[in-house]
1. Within 10 Å of each candidate Cβ there may be at most 16 other Cβ atoms; applying that plus a DSSP loop requirement, which chymotrypsin sites (Phe, Trp or Tyr not before Pro) in region 40-149 survive?
2. Only sites in a loop by DSSP and with at most 11 other Cβ atoms within 10 Å count here; which GluC sites (Glu not before Pro) in region 1-76 make the cut?
3. Given 20 °C and 1.002 mPa s, how large is the Stokes-Einstein diffusion coefficient of the chain in µm²/s, with Rh as the Kirkwood radius over Cα pairs?
4. Between H136 and V79, 0.36 nm times their residue separation minus their Cα-Cα distance comes to what?
5. Considering only DSSP states other than H, G, I, E and B, which trypsin sites (Lys or Arg not before Pro) in region 1-56 qualify as loop sites with at most 15 other Cβ atoms within 10 Å?
6. Obtain the nm distance between the two label points defined at Q124 and K69 by a simple spin-label model: each point lies 7 Å from its Cα along the Cα-to-C-beta direction.
7. Translational diffusion coefficient, Stokes-Einstein: compute it for region 1-64 using the Kirkwood radius over C-alpha pairs as Rh, at 4 °C and 1.567 mPa s, and state it as an integer in µm² s⁻¹.
8. Connecting C-alpha atoms closer than 10 Å in a GNM of the chain, tell me which of K129, K69, K139 has the biggest fluctuation.
Amino acid sequence: MSRMIRPQSITADRQKGLMTITWEDGHVSTYTFSLLRHACPCAECAGGHENMRHDPDPVVFYLPPIEGKRAQIKTVEAVGNYGINIIWEDGHRYGIYNWDYLRKLCPCEACQRERAAKGLVPDQETIEKEIERRLHPPKPQKIEIEFTL
Ligand SMILES: [Zn+2]
Ligand SMILES: [Zn+2]
């Protein structure tokens, strides 16, 4: 098993809406905030726990950019030494992006070519279905939890 590649530095530019990771192997990944939000790995965004995946869904590269608060990062917190939690301006905050996930989400040309070589390119129908699904997310089920002390 190969060792996980870690970031050497992470910078987020709110003005430009870009996060840049320089990896310890010298590779540089520049993500738009919109792409990071599209790729939020939390259960809610994935459409339920059963749909949570370890690798980014290739469809996220083909979705129209998100505007407004949903694509604005409020802050980024380290999670242990394996990833980051992104806290968004609209209050969303449950996505933990680990290093492996972020590396596989690199949108640079070389990484896009690698994904294409692996056949990780969604067809038009898949892209349209995913746009539709994200426009009409299912309402989360309400569960009442009561504490007695
Ligand atoms: Zn999410
Ligand atoms: Zn790359």
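Where a number appears in this text, it was derived from the coordinates with a stated rule and is not lab data. Given the structure is predicted, the values throughout are model-derived calculations rather than measurements. Using ideal geometry, Cβ is built from the backbone for each residue, glycine included, and neighbour counts are taken over all protein chains shown.
1. Working: sites: F61, Y62, Y82, W88, Y94, Y97, W99, Y101, F147; in loops: Y82, Y94, F147.
Sites meeting the loop and neighbour criteria: Y82, Y94, F147.
2. Values: sites: E24, E44, E50, E67; in loops: E24, E67.
For GluC sites (Glu not before Pro) across region 1-76 that sit outside H, G, I, E and B with at most 11 neighbouring Cβ atoms in 10 Å, the list reads E67.
3. Working: Rh = 16.6 Å.
Roughly 129 µm²/s, to the nearest whole number.
4. On the way: separation 57, 0.36 × 57 = 20.52 nm, distance 3.03 nm.
Length difference between fully extended and current span is 17.5 nm.
5. Loop-located and lightly packed - R3, R14, K16, R53.
6. Result for the modelled spin labels: 3.7 nm.
7. In µm²/s, the coefficient rounds to 97.
8. Per the Cα network of the chain with a 10 Å cutoff, K139 tops the list.
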